[in-house]
Each structure stands twice: as structure tokens, then as C-alpha cells.
Amino acid sequence: MRPIKIFLAALVFVAAAQVTAFAANTERLEIINDTGQFIESLYIAPAGNIDWGKDFAEDAPIDAYQKKILKFNPAIRYFKIKMTLWDGREIVWDGDNRLDFSRAWRLLLYSGKRDEIKYTIYKYPDKKSKKKSD
């Protein structure tokens, strides 16, 4: 009976270590939809990947003026973004976008002049320290 208890204790320890390692390998990325429209689909993938990966709006569209928290791999430094808005427009920004997860980040998506969609990446919560603007 004793070997089974030791085995079960070791199994619990290994499982707990894996959960902790997974949590350590993700960072918080806050998406702010300030476009005035629903975002039907949103993909954020490593630059250079052929596959776009997971649709972060798959469960439900991201409402206008809604915030959504994503877990993101901090090893990904350069990324690309693709989103589809409620009006059917598909917008793609390729691979020159850089994140540095030394702190949590926000990705603000908004409407610019002539109804074009733009984005700004800045450190959370300091809105003054902008990292990249397109």
C-alpha cells in the first residue's frame, strides 16, 4: 500500500509543477475594442507563421468598447494581427509588431480618420509609455 501512496504523491507533485510552469509561460494581454463595432474574429499569431492559430473571439464577438484579457506566450516577440469586424472588413497587420512582456500590455484597436482601423500597444496601466503605433 505504501508504494501506491508514494506514487500518487509524486504524480500530484508533477501535475502541480506542470500547471505552475504553464502559468509562468503566459502573460496577460488586454485587448480593448475601441472601434465602435463588434469584432467577429481576432487572431494574434507569431510573425512568420503560416497558420493564424486560435480565434480569440471564437466563443463570442468582442463587443464595441469591451475589454478582453488574453493569455499570451511571452516568448513570442514579433506578432501579426488579423481581425474581422461586424461590417465584414478584414484587417491584417503583418509581423513588424513587437511586444516586450517585461510588464503586462494593452492592445488598443480604434477607428482613425476616414474610418480606418488603427492600433496602439502600450504598457499597462501607463498609457503614456506607448511602444508602437500604426
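Computed from the coordinates by the stated procedures, all read-outs in this text should not be read as laboratory data. What you see is a predicted model; the values in this text were computed from it and never measured. Note that each Cβ is placed from the backbone with ideal geometry, even for glycine, and that neighbours are counted across all protein chains shown.
Give me the number: length gained by fully extending Gln66 to Glu116, i.e. 0.36 nm times residue separation minus the C-alpha to C-alpha distance, one decimal in nm.
Residue separation times 0.36 nm, minus the Cα-Cα distance, leaves 16.1 nm.
Based only on other Cβ atoms within 10 Å, what is the fewest-to-most ordering of Thr26, Thr84?
Going from sparsest to densest Cβ surroundings: Thr26, Thr84.
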